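Trainee: After the structure tokens below, expect a handful of questions from me.
The values are calculated or read from the model by the stated rules, or taken from the named source; none is laboratory data. For clarity, every value in this text was computed on a predicted model and none was experimentally measured. Note that we place each Cβ from the backbone using ideal geometry, even for glycine, and neighbour counts take in every protein chain shown.
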Amino acid sequence: MRLAKGLSEAIILHFEAITGSDSYGIRAASNFVPGSRRFVLSFRVVESVNLFPAFLKLAGRRCVVVGAGPVGEEKISGLLRAGAEVFVVAPTATEQVRAWASEGRIRWEARKFRPSHLRDAFVVVAATSSVELHEKIFRLARRRGVLCNVVDDPGRCDFYYGSVVKRGSLQIAISTGGLSPALAQRLRKQFEEQFGAEYEAWIAELGETRERLFARKIDPARRKQLLHRLASELSFEEFLRRRKRAALKGRK
């Protein structure tokens, strides 16, 4: 390795390993320490975890969010969209979180976190700036069987928030197991371009057609064949043509 003049006196390597898996990725970062003539290379070995992909039904379930800043607000918003019963604990909150509390959409307790806040919880999301508090929450959640997500800390997560493309009932979730959120975001943008807003109406139409087919007495094999044909690329193209004709007709 070649270093700029004046940086060759000391190269310090830092390695941090997170064990628990047979497969690993490596993260590297570099930093020049001003005045010390040292160039520090930091390597972090991160485990590759086997994840079970699932879509959870959170309607009516108690979900706790610790922290009500901008990040916490984002997590609360997602839980509300899923119909969860959201309980927020934080000394202060954003205007939006306060508004949700005033509207009765969430319950907000303006105080510091206590272990009792996890009582009857199904999920807890830790979104504060305190590493010590996050560690405490994670350990308590593990002991009580509560699914935990600590923001920006894959090692203290039972589940990850994937990058999601949503078109009505169609949801495409992307995860890199915490190894590269940036890649997940890039893939999400690609899928957003590939699956445009028109998919929302098409999925709704497919659902209605599926219900009608199941209401009829029809051979299961034949019904399966029809359903796959309806979900084909050709069927989607025909759907777009019908929409276009309807739009043109509406303008006349």
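Trainee: I'm trying to understand the selection: among the residues of region 196-212, which are of a type in the set (A, V, I, L, M, F, W, C) and closer than 13 Å to Leu230 by Cα?
Mentor: Those that are of a type in the set (A, V, I, L, M, F, W, C) and closer than 13 Å to Leu230 by Cα: Trp202, Ile203, Ala204, Leu206.
Trainee: On to the next question. Of everything in region 93-113, what is charged (D, E, K, R) and not in a helix (DSSP H, G or I)? Give them in sequence order.
Mentor: Once the filter is applied, which keeps residues that are charged (D, E, K, R) and not in a helix (DSSP H, G or I), region 93-113 yields Glu103, Arg105, Arg107, Glu109, Arg111, Lys112.
Trainee: Just to be sure, is Leu206 within 19 Å of Phe236 (Cα to Cα), in contact (Cβ under 8 Å) with a residue 24 or more places away in the chain, of a type in the set (A, V, I, L, M) and surrounded by 11 or more Cβ atoms within 10 Å (Cβ to Cβ)?
Mentor: yes
Trainee: Could we say that Ile172 is without any contact (Cβ under 8 Å) to a residue 24 or more places away in the chain and of a type in the set (Val, Ile, Thr) here?
Mentor: yes
Trainee: Next question, about the same structure. Taking Lys252 as meeting all but one of (1) modelled with pLDDT of 95 or more; (2) over 31 Å from the mean Cα position of the chain (by Cα); (3) not aromatic (Phe, Trp, Tyr), write down the number of the exception.
Mentor: (1)
Trainee: Return the residue satisfying two criteria in turn: it lies in region 47-92 and is in contact with a Ser or Thr (Cβ under 7 Å, 6 or more places away or on another chain) and of a type in the set (A, V, I, L, M, F, W, C), and of such residues it is farthest from Asp120 (Cα to Cα).
Mentor: Val49
Trainee: Find the residue count for region 194-227, including only residues that are of a type outside the set (A, V, I, L, M) and under 17 Å from Val165 (Cβ atoms).
Mentor: We begin by selecting, within region 194-227, every residue of a type outside the set (A, V, I, L, M); these are 194-196, 198-200, 202, 205, 207-212, 214, 216-217, 219-220, 222-225.
Going one step further and asking which of them are under 17 Å from Val165 (Cβ atoms), we end up with 194-196, 198-200, 202.
Count: 7.
Trainee: Here's a follow-up. Is it true that Phe43 is modelled with pLDDT of 95 or more, of a type in the set (Phe, Trp, Tyr) and in contact with a strand residue (DSSP E or B) (Cβ under 6 Å, 6 or more places away or on another chain)?
Mentor: no
Trainee: Out of region 71-115, which residues are at pLDDT below 95 and surrounded by fewer than 14 Cβ atoms within 10 Å (Cβ to Cβ)? Outline the logic, then answer.
Mentor: From region 71-115, those at pLDDT below 95 are 78, 81-82; that's our starting set.
If the condition is that a residue be at pLDDT below 95 and surrounded by fewer than 14 Cβ atoms within 10 Å (Cβ to Cβ), then Arg81 is the only one that fits.
Trainee: For region 116-134, name all the residues that are farther than 19 Å from Gly155 by Cα and surrounded by fewer than 16 Cβ atoms within 10 Å (Cβ to Cβ).
Mentor: Selection gives Ser116, Arg119, Asp120.
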